[in-house]
């Protein structure tokens, strides 16, 4: 087992080293490098750091500031997971040493992966901080299209206001959700076997921020209502196992869990979605108010 782990470590280090020699040929910038650039330009450190994947990109630090009185930065990125969260957390900590902050980390059922995307290794800052956690990274590689968003406000939020969804858009999202429900009926969800290696970086990040005296708020992303209803028929095994796992961590780590999967719990609507897996800005604003109110003081 030790020999296997050592081989995996050398593989990951090799991938990171190779990226350093070929990054110049990769099509930059990506959302990772753009958001790292924006953090580098901040005059003051953000008091709330938003982490997560594309589902968290709708969160507006300006609204959080009105709700909490604290400044923020949205570091959620396309396909973001634990390696991205680690890089953004570490980079922000080094950029503004000695400053404590708060965190909102948007996750979905399954919580996280330890797989690094080329988007992250393409940036030298990403490679630097990934070297710190190389033993926790997966040797698995993924192929991704090089077309992430690169236009953000200085606080990392998406630019421009969104128009309310049209009846045609609402109908389209409902139809796409119906297709997901049909697939679930054909292939009922099951709980995958627990892989301790997959969550090592997740726990390492919790330990790191706890050591800084910080308590992150982990938010479970919303699930489209009809899809959630279908998952509930089977006990929603992935979400259930993820919540059970988080409960098992409570004796060792300090964090808050806010479960936003059911939109009815936070006043969300079935219309304000961009697609069956992403709420739009109107729903996100409703959800942020709920998150702040149920964060057990971690965002105060």
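Per-residue answers, yes or no, for (1) touching a residue at least 24 places away in the same chain (Cβ under 8 Å); (2) farther than 22 Å from residue 113 by Cα; (3) crowded, with 20+ Cβ neighbours inside 10 Å:
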{"residue": "226", "(1), (2), (3)": "yes, yes, no"}
{"residue": "232", "(1), (2), (3)": "no, yes, no"}
{"residue": "254", "(1), (2), (3)": "yes, no, no"}
{"residue": "276", "(1), (2), (3)": "yes, no, yes"}
{"residue": "283", "(1), (2), (3)": "yes, yes, yes"}
{"residue": "287", "(1), (2), (3)": "yes, yes, yes"}
{"residue": "296", "(1), (2), (3)": "yes, yes, no"}
{"residue": "300", "(1), (2), (3)": "yes, yes, no"}
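In this structure, does residue 32 turn out to be within 22 Å of residue 130 (Cα to Cα) and buried (at least 21 other Cβ atoms within 10 Å of the Cβ)? So residue 32 passes the test. May I ask you to say which residue of 117, 148 is surrounded by 14 or more Cβ atoms within 10 Å (Cβ to Cβ) and closer than 24 Å to residue 206 by Cα? Unique residue meeting the criteria: 117. Of the residues 207, 197, the single one that is surrounded by fewer than 16 Cβ atoms within 10 Å (Cβ to Cβ) and modelled with pLDDT under 95 is 197. Reported count of residues in region 153-174, each being touching a strand residue (DSSP E or B) at 6+ places or on another chain (Cβ under 6 Å) and at negative phi, is 3. Counting only helices (runs of 4 or more DSSP H) that sit completely within region 36-129, those holding 1 or more residues that are on the phi < 0 side of the Ramachandran plot, at pLDDT 95 or above and touching a helix residue (DSSP H, G or I) at 6+ places or on another chain (Cβ under 6 Å) correspond to 61-68, 82-95. Report yes if some residue within region 219-235 is part of a helix (DSSP H, G or I), under 18 Å from residue 130 (Cβ atoms) and modelled with pLDDT of 95 or more; otherwise report no. The answer is no, given that none of the residues of region 219-235 is part of a helix (DSSP H, G or I), under 18 Å from residue 130 (Cβ atoms) and modelled with pLDDT of 95 or more.
The values are calculated or read from the model by the stated rules, or taken from the named source; none is laboratory data. Just so you know, these numbers come straight off a predicted model, no measurement behind them. Reconstructed Cβ throughout: ideal geometry from the backbone, glycine too, with neighbour counts over all protein chains shown.
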